[in-house]
Structure formats: structure tokens, C-alpha cells
Amino acid sequence: MREIALGQWTYFAWHLPTALLCVATGVLAMVMARSLWRDELGLAERRLRFSVLGWSAVLSSLLSLAVWPYLSAFASVEVRRDGTWELSNYLGVPVAVVPASESRRVEGEDLGGLNLGSGRIRVLRADGSRLESVRISGRRFDRARDELGYPSSALRPARGSVLTGAHTYGPNGPVMDAELASR
């Protein structure tokens, strides 16, 4: 079993406080709504609570727009002994499990001209769904490719991205589909 880390520690620096602030403003909105429902309030107190409720709900929803993409993007790939991939976000929460026998393609998207930019890794699953990583550099993509066992010959350029052919993943690395690899 091995783990390939894609994410950076900087996500903790801004994302975790943003997520906590999102939760705190959501809780504040609920507390204000509960107070409006249960308490006998004068006009000024009701107006203040409605104002706090509205602004905290708006702030919570805006913060959730920044928080959600990084909670659903994977930042590490754990390869089990049988070749199954467990993709986890930067907090260590599993985002998806890709069985070893499932056909997949891996795409390095938007890495820049000579892999000098920053982009994402996409795992294109057999059922048509896509799993995206956090933003990574071209060098980190190359390191992840090496650690996962993809030779340079397995990669092909496709519209500014780098794509592997369809394959399953065994205990020793990728097993390219012979039928699809010939196309």
C-alpha cells in the first residue's frame, strides 16, 4: 500500500479557516432564526435579528462556494495492494474508491506548455464520471505519474492535456487495455 500526496499544506492555511467560518455563520443564522421563532421581541430586536440572519446566511452561502470545490477534489491517491485506488481530499476524507478492475483513463489537464503551469489530474471512470484533483504543478504531475507507474510512452497529448489510454490497475501498476490501446 502506498500513498501519493498531490495537495499542498497551503490548503490548511486558507481553506480550513474558511470552512470553519462558513459553519460558524451558518450556525449564527440558525440561532437568529430560532430566536425570532421563540422569543418575544420588540420591533427593533426583530429587525436586528432579521438583519443578522440575512447577512450571516448570505456570507455562509458565499463561503460555501469557496469551500466545496476543495472538499470534493482529491489531494491524495492511496494505492492498495490489489491496485484499488482510494482518493481522499486534503483533510483525509475519502472522495471516491476506484476498484482495480475498473477501466479508467488518467488526464493531466491544463499543465501549461512544458508542464510549467498548474493544472489538475482527472480520473475518467468507466461509468462516465470524472474525479478531479486539487490544482497541482506540472512537476508534481510528473512525480505522481512516476509513482503510479505510468511510463512516458503511455501518455499522449490531447488538446493541451496529457492523457493515458484506457486501463485497469493491478498490483504492479497500470494494465493497458489491448483493444483500446491499439486505437
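Run down Asp142, Asp110, Asp127 and say which single residue is under 25 Å from Val95 (Cα atoms) and modelled with pLDDT under 80. Let's see the steps before the verdict.
Working: Asp142 fails: modelled with pLDDT under 80; Asp127 fails: modelled with pLDDT under 80.
The match here is Asp110.
Here is a yes/no grid of residues against (1) at pLDDT 90 or above; (2) over 24 Å from the mean Cα position of the chain (by Cα); (3) open to solvent by 80 Å² or more (accessible area, probe 1.4 Å):
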position	(1), (2), (3)
Glu3	no, no, yes
Leu36	yes, yes, no
Leu41	no, yes, no
Arg49	yes, yes, no
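Among (1) more than 19 Å from Ile136 (Cβ to Cβ); (2) of a type in the set (Val, Ile, Thr); (3) in contact with a Ser or Thr (Cβ under 7 Å, 6 or more places away or on another chain); (4) open to solvent by less than 50 Å² (accessible area, probe 1.4 Å), there is one condition Thr84 misses while meeting the rest; what is its number?
With (1) more than 19 Å from Ile136 (Cβ to Cβ); (2) of a type in the set (Val, Ile, Thr); (3) in contact with a Ser or Thr (Cβ under 7 Å, 6 or more places away or on another chain); (4) open to solvent by less than 50 Å² (accessible area, probe 1.4 Å) applied to Thr84, the lone miss is (3).
If I go through the range 19-34 residue by residue, how many of them are open to solvent by less than 80 Å² (accessible area, probe 1.4 Å) and charged (D, E, K, R)?
Qualifying residue count, the range 19-34: 0.
Taking interchain pairs and intrachain pairs at least six residues apart, which have beta carbon atoms under 6 angstrom, with the first residue in the range 167-182 and at pLDDT below 65 and surrounded by 12 or more Cβ atoms within 10 Å (Cβ to Cβ) and the second not basic (Lys, Arg) and not in a strand (DSSP E or B)?
Leu180/Gly165; Leu180/Ala166; Ala181/Gly165
How about the range 133-142: which of its residues are in contact (Cβ under 8 Å) with a residue 40 or more places away in the chain and either open to solvent by 10 Å² or more (accessible area, probe 1.4 Å) or acidic (Asp, Glu) (or both)?
Arg140
Within the range 113-149, count every residue that is in contact with a strand residue (DSSP E or B) (Cβ under 6 Å, 6 or more places away or on another chain) and within 25 Å of Ser101 (Cα to Cα).
The total comes to 14.
Among the residues of the range 51-62, write down those that are polar (S, T, N, Q), free of Cβ contacts under 8 Å to residues at least 12 places away in the same chain and surrounded by 13 or more Cβ atoms within 10 Å (Cβ to Cβ).
Ser61 - this is the single residue of the range 51-62 that is polar (S, T, N, Q), free of Cβ contacts under 8 Å to residues at least 12 places away in the same chain and surrounded by 13 or more Cβ atoms within 10 Å (Cβ to Cβ).
The values are calculated or read from the model by the stated rules, or taken from the named source; none is laboratory data. Quantities reported herein were computed from a predicted structural model and do not represent experimental measurements. Ideal geometry is used to build each Cβ from the backbone, glycine not excepted, and the neighbour counts take in all protein chains shown. Heavy atoms of the whole protein, side chains included, go into the accessibility calculation; ligands, DNA and RNA do not. Shrake-Rupley method; radii C 1.70, N 1.55, O 1.52, S 1.80 Å.
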